[in-house]
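Peer 1: One structure, pasted below without further comment.
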Amino acid sequence: MTLRLGSALMLLTAAMLPLPAAAQAQGRMTYCCNDGSGKQICSDVLPKECYGRAYREINRQGVTVRRIDAPMTAAQREMKEAEARQAKEEEVKRLEQDRKNRALLATYASEKDIDNLRDRALADIQKTIKTAQDKQDELAKEKTKLDAEAEFYKKRPMPPKLKAQMRDNEADMKTQQAAIGSKQKETEALKARYEDEKLRYRELTKQKTIERNPAAAAAPAAAGSRPR
């Protein structure tokens, strides 16, 4: 009877404690950090030596329940922000590459399709180059005539109309030459682009084959490792 009465009094006393005090009694923490000399400082309230430093929260059983990092310096924050920006840019690039890969596989059914499309595109450029070359030949013939006509005016003033025709002829020839040079560069860029697409297509289709049938992909490697 006395034991039961004592237990009841203890429960009643605990219930009458203010809630913050009761919580503090059950969950009191110890705060520890290393000061500037590396010495460990601990207290039931955060020591002033721990301000601006990393510290640990330790429960009554001596177990570290939380670690708080030291505040970052301006240089550290800047570095972290730069790393976050770089990671975001790399993720954007990865997603864009994934989109291109899907589009590539959706566009072509085989490497032959890539070659055919490349050849048609190159043929169109060659037609444009041929047209510019033909125009250039016409301008060259016109220049020959204008030069012959200008021979009559070596010792006297050249008519303004002839001067204008010669000036326009020279400008047109430069324009056609620039167009030809531009199309020739476009040809090389086109060849390189389709070659890159063919290589990527080959890698992607090979990867899909491996994903569908890993055993088939492992077979050649296993065969090559057999003793002779």
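The values are calculated or read from the model by the stated rules, or taken from the named source; none is laboratory data. Please read these numbers as outputs of a predicted model, since none were measured by experiment. With ideal geometry, Cβ positions are generated from the backbone for all residues, glycine too; neighbour counts draw on all protein chains shown.
Peer 1: Exactly one of (1) within 23 Å of ALA178 (Cα to Cα); (2) part of a loop (DSSP other than H, G, I, E, B) is unmet by MET158. Its number?
Peer 2: (1)
Peer 1: May I ask you to list the residues in the range 55-71 that are assigned to a loop (DSSP other than H, G, I, E, B), farther than 18 Å from ASN34 by Cβ and among the aliphatic types (A, V, I, L, M)? Step through it out loud before you land on a result.
Peer 2: Taking the range 55-71 and keeping what is assigned to a loop (DSSP other than H, G, I, E, B), we get 59-63, 69-71.
Among the residues that remain, those that are also farther than 18 Å from ASN34 by Cβ are: 59-61, 63.
Matches in the range 55-71: VAL63 only.
Peer 1: When you go through ASP113, ASP124, ASP98 one by one, which is the residue that is assigned to a helix (DSSP H, G or I) and not assigned by TED's automatic domain parsing to the domain that holds LYS191?
Peer 2: Numbers: ASP113 fails: not assigned by TED's automatic domain parsing to the domain that holds LYS191; ASP124 fails: not assigned by TED's automatic domain parsing to the domain that holds LYS191.
Result of the check over ASP113, ASP124, ASP98: ASP98.
Peer 1: Among the candidates THR175, THR187, THR144, which residue alone is part of a helix (DSSP H, G or I), among the hydroxyl-bearing types (Ser, Thr, Tyr) and more than 29 Å from ASP124 (Cβ to Cβ)?
Peer 2: Answer to the selection: THR144.
Peer 1: Let me ask another. Could you count how many residues in the range 109-138 are touching a Leu at 6+ places or on another chain (Cβ under 8 Å) and not hydrophobic (A, V, I, L, M, F, W, C)? First the steps, then the outcome.
Peer 2: Taking the range 109-138 first, the residues touching a Leu at 6+ places or on another chain (Cβ under 8 Å) are 118, 121-122, 125.
Filter once more, so that each one left must be not hydrophobic (A, V, I, L, M, F, W, C): 118.
Residues flagged as touching a Leu at 6+ places or on another chain (Cβ under 8 Å) and not hydrophobic (A, V, I, L, M, F, W, C) within the range 109-138 amount to 1.
Peer 1: Turning to a different aspect of this structure: When residues of the range 154-168 are filtered for being of a type in the set (Lys, Arg), more than 54 Å from the chain's Cα centre (by Cα) and surrounded by 10 or more Cβ atoms within 10 Å (Cβ to Cβ), how many remain?
Peer 2: Qualifying residue count for the region: 1.
Peer 1: Please verify whether ALA87 is outside the structural domain of LEU199 (by TED's automatic domain parsing), more than 24 Å from LEU199 (Cβ to Cβ) and without any contact (Cβ under 8 Å) to a residue 24 or more places away in the chain, treating the condition exactly as stated.
Peer 2: Here the answer is yes, as ALA87 does meet what is asked.
Peer 1: Given the options LEU190, LEU146, LEU139, LEU162, name the one that is under 30 Å from ALA103 (Cα atoms) and either among the hydrophobic types (A, V, I, L, M, F, W, C) or free of Cβ contacts under 8 Å to residues at least 40 places away in the same chain (or both).
Peer 2: LEU190
Peer 1: Oh, and also: So, in the range 31-48, exactly how many residues are over 44 Å from the mean Cα position of the chain (by Cα) and either modelled with pLDDT of 95 or more or not in a loop (DSSP other than H, G, I, E, B) (or both)?
Peer 2: 5
Peer 1: Specify which of the listed residues (ALA103, ALA87, ALA132, ALA123) is closer than 30 Å to ALA171 by Cβ, of a type in the set (A, V, I, L, M, F, W, C) and surrounded by fewer than 12 Cβ atoms within 10 Å (Cβ to Cβ). Even if it seems obvious, please write down each step before you answer.
Peer 2: Details: ALA103 fails: closer than 30 Å to ALA171 by Cβ; ALA87 fails: closer than 30 Å to ALA171 by Cβ; ALA132 fails: surrounded by fewer than 12 Cβ atoms within 10 Å (Cβ to Cβ).
Of the residues listed, the single one that is closer than 30 Å to ALA171 by Cβ, of a type in the set (A, V, I, L, M, F, W, C) and surrounded by fewer than 12 Cβ atoms within 10 Å (Cβ to Cβ) is ALA123.
Peer 1: Would you check which residues across the range 52-65 are within 40 Å of the chain's Cα centre (by Cα) and loosely packed, with under 11 Cβ neighbours inside 10 Å and list them?
Peer 2: Across the range 52-65, the qualifying residue is only GLY52.
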